[in-house]
Amino acid sequence: MDILCLVLALPLAAGLDFSYHHTAELEAFLREVHRNHSSITHLYSVGKSVEGRHLWVLALGRFPTQHKIGIPEFKYIANMHGDEAVGRELLLHLIDFLVTNYHHDPVITKLIDNTRIHIMPSMNPDGFEGTKNPGCFPLEGRYNSNGEDLNRNFPDGFISNPSTVQPETQAVMDWIKTETFVLSANLHGGALVASYPFDNGNSVTITSDGISTTLDNDVFVHLAKTYSTSHATMHNGHVCEMRDPFTGGITNGFGWYQVGGGMQDYNYIWGQCFEITLELSCCKYPPEEELPSFWNDNKLALIEYIKQIHLGVKGRVMDKDGESIADVIVEARGRRHVCPYKTNRDGEYYLMLLPGIYVLNATAPGYKSVLQMMNISDGTQDFSALTYDFILPDVSAAPKLASCPTTPRYTESTSTTLKPAINTLILISTLYAVFR
């Protein structure tokens, strides 16, 4: 940590300039990075935008081209609202920082060797290119070329979405299905706060405090606080103009304002991936000369957040012959998800849990369920979560297994009590629609 802080304090190195990089420049930079650091990078596209621009991703890791058992997958996504431009540039500078310091800084080297990091600088390149009158609140650019808000376009765990799934949204959904993502964040602008799920909710999830919580609320609060406290000023709860303060620089998404079809909820419900939303600038598209300050404010937080992927426990589920078993539900007692968290094709599971004592349950058809109590410590400093492999004995009777429906829903209870002053919430949600 000390060496990393020293590196972060060094003067800005010559290399990637602090300006807004349009599509051709962004692609050229990513190709150059891959060409110069091919041993630890892999450049690929997950799909195309409405206007045919690639959704580029640069993966970094000791094995950048493919998933390796035991190495968790992380992702950063920026610029899903095309007019929110700071995150796009921060991720380009993060890429530059990581490849430059690999084999020079031990923290960065361990991070890359023990994590596969996927970085998508722009999910909405059409919106970015179409942004008019850049400034704090651009007149155009938020939506994709079909006029859709991509952060309202994902399947929702509480409501039915009427909108057609957009190409950019579908590309990200397909991407999530192909990788074993464990932790993620999406970068936005228009406020200064770390927001955590749920963004939507109902009587099952909304508390008397007016927030909508997941079963892993303790983990999400920790993740949001990790970014906020590592950021230069976010933890102070600084207020953007005409905005309420955020205690500690964090907020529950629904507690701030309600969002249906958001990406962070989709990741948690469908993707088995913990994602938070990072609002990184009061001004959505500030002048270029302010970009160095944004990088200095965020660079430590961007690194510290990635390290959190090594919280909790990971491992494999195998039969008595040592063969991997896919689609085994592995969850901690008291944290059963509406869409159960299952092992991947290699029999791997990853569960993000804070240090403590937990009982894990592994359940699969044709096998007897196995319960295991374990004491989980903080693995972030060692860049490895606790490792525990389950061995499932054969049984003759197959238990009935909970499955993940196409559209899982948090089913309303009989109570009609929702968040207090829900009509006020809807009004506030409408006023805040130009953010997140």
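Here are some notes:
- Whichever residue in the range 157-179 is at pLDDT 95 or above and assigned to a loop (DSSP other than H, G, I, E, B) and, among such residues, is surrounded by the fewest Cβ atoms within 10 Å (Cβ to Cβ): V165
- Residue within the range 224-234 that is more than 17 Å from the chain's Cα centre (by Cα), surrounded by fewer than 21 Cβ atoms within 10 Å (Cβ to Cβ) and over 18 Å from N186 (Cα atoms) present: yes
- Of the residues G190, G141, G147, the single one that is farther than 18 Å from T407 by Cα, in contact with a Ser or Thr (Cβ under 6 Å, 6 or more places away or on another chain) and in the same structural domain as C282 (by TED's automatic domain parsing) is G141.
- If you go through the range 345-372 and keep only what is surrounded by 18 or more Cβ atoms within 10 Å (Cβ to Cβ) and not in a strand (DSSP E or B), you end up with G347, M352, L353, A364.
- K284 in contact with a helix residue (DSSP H, G or I) (Cβ under 7 Å, 6 or more places away or on another chain) and of a type in the set (K, R): no
- Test: residue in the range 38-57 that is in the same structural domain as M263 (by TED's automatic domain parsing), under 21 Å from the mean Cα position of the chain (by Cα) and assigned to a helix (DSSP H, G or I): no
- The range 309-335, subset hydrophobic (A, V, I, L, M, F, W, C) and assigned to a loop (DSSP other than H, G, I, E, B), residue nearest to L183 (Cα to Cα): L311
- Being under 29 Å from V338 (Cα atoms) and within 17 Å of the chain's Cα centre (by Cα) is a description that does not apply to G189.
The values are calculated or read from the model by the stated rules, or taken from the named source; none is laboratory data. This structure is a prediction, so every number in the text was calculated from the model and none was measured. Ideal geometry is used to build each Cβ from the backbone, glycine not excepted, and the neighbour counts take in all protein chains shown.
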